[in-house]
Amino acid sequence: TSSRPIWELPLLLLIIALTTYARFYALNSVPYGIEGDESKWTSEVVRLVILGETDPSAEYHRDALPVSFYSQAPFHRFFGAGLISARMTVAFLSVLASAAFYWLLRQISPIPLAMLATYLLSASIFDISASRLANVESFAKLWGVLPLALLAWALRNKSWQAFSITGVALALAALTYDTLWPIGIVCIGLTLTELRG
């Protein structure tokens, strides 16, 4: 799929705009209020990274899940420390993940299918809901998709630089949340299967 139809970019931008609107709209009034893990996680990040206070629980989470922990820091610094900044982090990462999702499908499927799937993801009530909460699990979406998209790109290019970038993405995924660890096994399996074929 090397040729790019003239309608692809405008339609993709429209879908990304819809994704952005759905995830950022009414961040401060999600239907179920503040989820317990969300408030705890945000508090730990603000206390340790922004305020510089010591907190044994926060220090453990920072050391075990540094990508999730530090991805919030720029938003807290720029928009002010608090729950809305944490939710903005998740919403922003969700938009990036949707773009990575399209890129993944664009490499392995026809353009109309990639467009339709990305649109359905943009309008998914489950994904919208998850992308408005700043609990630790919500930071994982980008890192569940990006390594696979990069692997598809690496397998097409077959260069050590592309595989190295994919490896970095896998390492960041592993440092985001432990539920993403199997992505490494999947990527290794896909790589071996593709290179043998």
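Summary table below
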| read-out | value |
| --- | --- |
| Of Leu14, Ala64, Phe24, farthest towards positive along the dipole that unit charges on Lys, Arg, Asp, Glu beta carbons give segment 1-77 | Leu14 |
| Candidates per trypsin sites (Lys or Arg not before Pro) in segment 71-163, loop by DSSP, up to 10 other Cβ within 10 Å | Lys158 |
| Accessible heavy-atom area order of Ile15, Ile185, highest first, probe of 1.4 Å | Ile185, Ile15 |
| Cα-Cα P(r), segment 68-197, percent of pairs per 10 Å interval | 13, 38, 35, 13, 2, 0 |
| Portion, in percent, of the accessible area of the chain that falls on carbon or sulfur, probe 1.4 Å | 70 |
| Listed residues Thr42, Thr54 arranged by accessible area, highest first, probe 1.4 Å | Thr54, Thr42 |
| His61 - accessible surface, heavy atoms, 1.4 Å probe, Å² rounded to 10 | 40 |
| Accessible area of the chain divided out per residue, in Å², using a probe of 1.4 angstrom | 53 |
| Probe 1.4 Å - accessible area at Tyr177, Å² to nearest ten | 40 |
| Area accessible to solvent at Val136, 1.4 Å probe radius, in Å² | 10 |
| Heavy-atom accessible area ranking, 1.4 Å probe, most first, across Phe139, Phe79, Phe24 | Phe79, Phe24, Phe139 |
| Cβ-placed point charges (K, R +1; D, E -1), dipole of the chain about Cα centre in debye, nearest 20 | 700 |
| Virtual spin-label span in nm between Glu35 and Arg156, 7 Å along Cα→Cβ | 3.3 |
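The values are calculated or read from the model by the stated rules, or taken from the named source; none is laboratory data. Owing to the predicted nature of the structure, the values given are computational and were not obtained by experimental measurement. So basically every Cβ, Gly included, is an ideal-geometry build from the backbone, and we count neighbours across all protein chains shown. These accessible areas exclude ligands, DNA and RNA; they are computed on the full protein's heavy atoms, side chains included. Shrake-Rupley method; radii C 1.70, N 1.55, O 1.52, S 1.80 Å.
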